[in-house]
Amino acid sequence: MELFLHYSLIPSLFIILILSFLQRREHRRQRDDTSYLLGNRFGIIMPLDFVGTFSNRWSYGIAFGATANKVMFLFSEGYQPLQIPQWAQALQHSHSPFELLIGGIEVGLSHFPFFACLSSEFQLVSSILGFCYSLIWFAVTVLQVSQCPHGQFVGKYETLMFYWPSLLCLAFLLGRFLHMFVKALRVHLGWEFQVEEKSVLETHQAEHVKQLLRTPRPQEKKKSWFQTRIYEWDPCFQFPSRMIGTIVLAFICLYLFIVIEFCVFVYVRDELDVFENKLESYITFTNHSGVLTPVILQVKELISVTKGVWVATILPASLTCVSYLFHILVCYRKHIKRLWAGDKLFLPLKFHNPASSASVVAIARYSGWQIAYVLWGYLIIHVVQSLCGMAIMYGLVLPIVHNQGLEMLQGLGIGILTISIVVGLMILQMWIAASFFLQPKLGTADKQKPLALNNRKAFHNFNYFLFFYNVLLGLGACLSRLLISCLLGTWLIARIDRTIMQNGYEGADMGFSAWIGMLYVDHYHTNPVLVSFCHILIANHKEKKLQQTTKYWCLNQSAGPRVSARSRTRWFLLQTLINNPRLIIHRKLKSGHSSQESQILMACLES
């Protein structure tokens with residue numbers, strides 16, 4: 001597969017050249033440039049629009065899914081993207097940035113035809129090329145699975161476990177390109193009409209604007225628990241192709257990462273079994289009377305517990321990361337809608353006006369970083385859950401297994417009693433403060449008492465005697481703060497949509513900065529109100545070209561008086577100022593007119 005990845009660049013470049021030849025450039029260069037010999041051929045083709053593409057979302061997502069094996073393959077130890085010369089041998093070490101950059105470009109170039117054929121305007125040619133290229137990859141992958149179906153870690157069908165997501169994605173692409181070919185052929189033969197030029201405004205964006213203009217009605221149907229707590233379908237919103245592709249690729253990469261992790265676990269388990277056999281032989285040789293026998297038995301128990309806990313925590317760690325992927329989509333819709341409404345209160349203050357260049361870079365980083373965060377997050381969550389599982393095993397289960405249940409219950413009872421006393425004293429302080437040291441409510445409708453001290457002498461004695469106790473209590477509170485911060489930080493490490501930094505240090509979280517920059521780019525380029533306004537301008541411009549008149553006043557050429565453009569403009573200006581008298585103070589004043597005259601005119605219009 002590595003060798004074929006290198007040689008696949010040949011048909012990939014061939015397809016790119018064909019599609020580039022068919023793509024016409026809108027603007028020719030100057031005559032003094034030698035590229036004028038190409039005419040308007042060999043235009044720039046793009047794989048997909050990462051900002052405003054809402055059609056073929058799942059086709060693009062499946063195309064991203066087909067690259068999952070190669071994305072994971074990039075980080076293998078034996079991957080060599082190319083043979084570099086002797087002078088660059090210093091750059092050729094394992095996982096160097098240079099090697100990863102060249103490898104990423106190679107993988108992207110080898111899969112470029114999938115996206116280019118899906119987005120090309122020449123559906124008949126691109127569908128044939130895309131089908132042939134997908135068929136080549138599908139055949140080579142099937143050949144790889146059939147020739148080497150088994151492996152040394154999982155055993156039977158290990159290769160199939162790695163490659164079935166890619167096979168499924170390639171099969172979907174084959175069907176998609178076949179459907180595109182049939183549809184384009186019917187259009188070419190005249191059996192179907194050619195689809196009209198795509199509008200700037202999407203259907204769901206137009207519906208969103210219409211919904212904003214409608215009078216809000218009270219809800220007639222009560223929402224279910226799923227709609228209230230988890231997710232509610234919105235027909236006026238669609239996720240862009242970038243988000244769908246990111247989530248699909250993240251799911252497949254997460255699955256492959258779990259399989260690879262399990263293979264590594266199998267290898268480590270086999271090595272530990274060999275080590276345990278050596279320990280067992282030592283115990284047998286010494287007839288259970290050696291000095292190290294108790295230590296060896298504890299080591300064997302530790303190895304057995306670790307293996308069992310690691311396997312048991314694979315499922316909860318996987319489900320945690322899968323739930324994060326779905327939650328990312330929910331947070332994306334919630335955050336982008338709040339930005340559409342002009343609400344930035346959910347963002348830290350320093351992110352209210354991010355740099356434009358940082359936002360452009362952020363949208364290029366986001367998809368890759370999101371996948372990397374999910375993979376690293378799974379590993380970290382898995383380790384943390386395993387440590388928690390071992391704590392439970394050594395704290396609760398093993399004492400019962402070793403007939404030490406009473407001692408365990410005694411220690412557990414003392415711990416629970418200590419925590420209960422501490423929590424009870426904290427609650428008692430709150431109750432005493434609310435009952436004796438605050439003045440009564442000002443009104444019966446108030447929810448709580450005002451922050452006004454009462455019984456000041458008793459309050460100062462209360463503070464003095466609890467001062468020394470709170471010093472000791474603060475030690476425990478500090479440790480609990482550290483423990484909770486570590487647990488929440490590791491638990492939410494895969495959540496790129498929220499920062500784990502404290503207030504004021506959010507800029508140090510590069511993942512969260514990428515998320516915010518991506519949101520701003522989507523907000524500025526896919527805002528339904530803005531896109532609707534641009535759609536109206538473009539439609540009016542095209543209508544002026546066709547009819548040589550405007551949409552709002554169409555004059556009959558055969559009859560009717562001519563209307564002066566200046567008089568019409570002044571009439572509309574007067575009507576606008578009557579409806580919006582506050583605009584008068586913002587008008588640009590001519591020489592000889594004072595602001596006082598504008599205020600008088602505004603007062604006359606208001607009256």
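Pairs, please: C-beta under 7 Å, at least 6 apart or cross-chain, first residue in a helix (DSSP H, G or I) and in the stretch 356-377, second open to solvent by 70 Å² or more (accessible area, probe 1.4 Å) and not polar (S, T, N, Q)?
Short answer, once both residue conditions are applied: Ile363/Phe50.
Please go through the stretch 177-235 and pick out each residue that is at pLDDT below 75 and in contact with an Asp or Glu (Cβ under 6 Å, 6 or more places away or on another chain).
Within the stretch 177-235, no residue meets the criteria.
Can Ile538 be described as open to solvent by less than 90 Å² (accessible area, probe 1.4 Å), of a type in the set (A, V, I, L, M) and outside any helix (DSSP H, G or I)?
Against the criterion (open to solvent by less than 90 Å² (accessible area, probe 1.4 Å), of a type in the set (A, V, I, L, M) and outside any helix (DSSP H, G or I)), Ile538 does not qualify.
Among the candidates His593, His523, which residue alone is modelled with pLDDT of 75 or more and surrounded by 11 or more Cβ atoms within 10 Å (Cβ to Cβ)?
His523
Does Phe512 qualify as being part of a helix (DSSP H, G or I), among the aromatic types (Phe, Trp, Tyr), open to solvent by 100 Å² or more (accessible area, probe 1.4 Å) and assigned by the TED database to the domain that holds Ile328?
For Phe512, the condition - part of a helix (DSSP H, G or I), among the aromatic types (Phe, Trp, Tyr), open to solvent by 100 Å² or more (accessible area, probe 1.4 Å) and assigned by the TED database to the domain that holds Ile328 - is not met.
Report yes if some residue within the stretch 340-354 is touching a His at 6+ places or on another chain (Cβ under 8 Å), in contact (Cβ under 8 Å) with a residue 40 or more places away in the chain and in the same structural domain as Ser532 (by the TED database); otherwise report no.
Within the stretch 340-354, one or more residues are touching a His at 6+ places or on another chain (Cβ under 8 Å), in contact (Cβ under 8 Å) with a residue 40 or more places away in the chain and in the same structural domain as Ser532 (by the TED database).
May I ask you to verify whether Val471 is assigned to a helix (DSSP H, G or I) and open to solvent by 40 Å² or more (accessible area, probe 1.4 Å)?
Spelling it out, Val471 is indeed assigned to a helix (DSSP H, G or I) and open to solvent by 40 Å² or more (accessible area, probe 1.4 Å).
On the given criteria, is Leu325 out of contact with any Asp or Glu (no Cβ under 8 Å at 6 or more places or on another chain), among the aliphatic types (A, V, I, L, M), crowded, with 16+ Cβ neighbours inside 10 Å and modelled with pLDDT of 90 or more?
Yes, satisfied.
Please work out which residue is least open to solvent (accessible area, probe 1.4 Å), limiting yourself to the stretch 483-498 and to residues that are outside any loop (DSSP other than H, G, I, E, B) and without any contact (Cβ under 8 Å) to a residue 60 or more places away in the chain.
Among residues in the stretch 483-498 that are outside any loop (DSSP other than H, G, I, E, B) and without any contact (Cβ under 8 Å) to a residue 60 or more places away in the chain, the one least open to solvent (accessible area, probe 1.4 Å) is Gly489.
Here is a yes/no grid of residues against (1) at pLDDT 85 or above; (2) of a type in the set (Val, Ile, Thr); (3) exposed (fewer than 12 other Cβ atoms within 10 Å of the Cβ); (4) in the same structural domain as Phe14 (by the TED database):
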site: Ile136; (1), (2), (3), (4): yes, yes, no, yes
site: Ala139; (1), (2), (3), (4): yes, no, yes, yes
site: Gly151; (1), (2), (3), (4): no, no, no, yes
site: Gly155; (1), (2), (3), (4): no, no, yes, yes
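Could you pull out the residue among Ser420, Ser480, Ser435 that is closer than 30 Å to Val374 by Cβ, open to solvent by less than 80 Å² (accessible area, probe 1.4 Å), in the same structural domain as Trp376 (by the TED database) and not in a loop (DSSP other than H, G, I, E, B)?
Ser480
Can you name the residue in the stretch 338-351 that is open to solvent by 70 Å² or more (accessible area, probe 1.4 Å) and closer than 14 Å to Thr526 by Cα and is also modelled with the lowest pLDDT among such residues?
Checking each candidate, the answer is Ala341.
Kindly indicate whether Tyr464 is surrounded by 11 or more Cβ atoms within 10 Å (Cβ to Cβ) and more than 30 Å from Ser513 (Cβ to Cβ).
no
The values are calculated or read from the model by the stated rules, or taken from the named source; none is laboratory data. The structure presented is a predicted model; accordingly, all values stated were derived computationally and were not measured. Counting neighbours? That spans all protein chains shown, and the Cβs are built from the backbone with ideal geometry, glycine included. When the accessible area is computed, the model is the full protein with side chains, heavy atoms only, and any ligands, DNA or RNA have been set aside. Shrake-Rupley method; radii C 1.70, N 1.55, O 1.52, S 1.80 Å.
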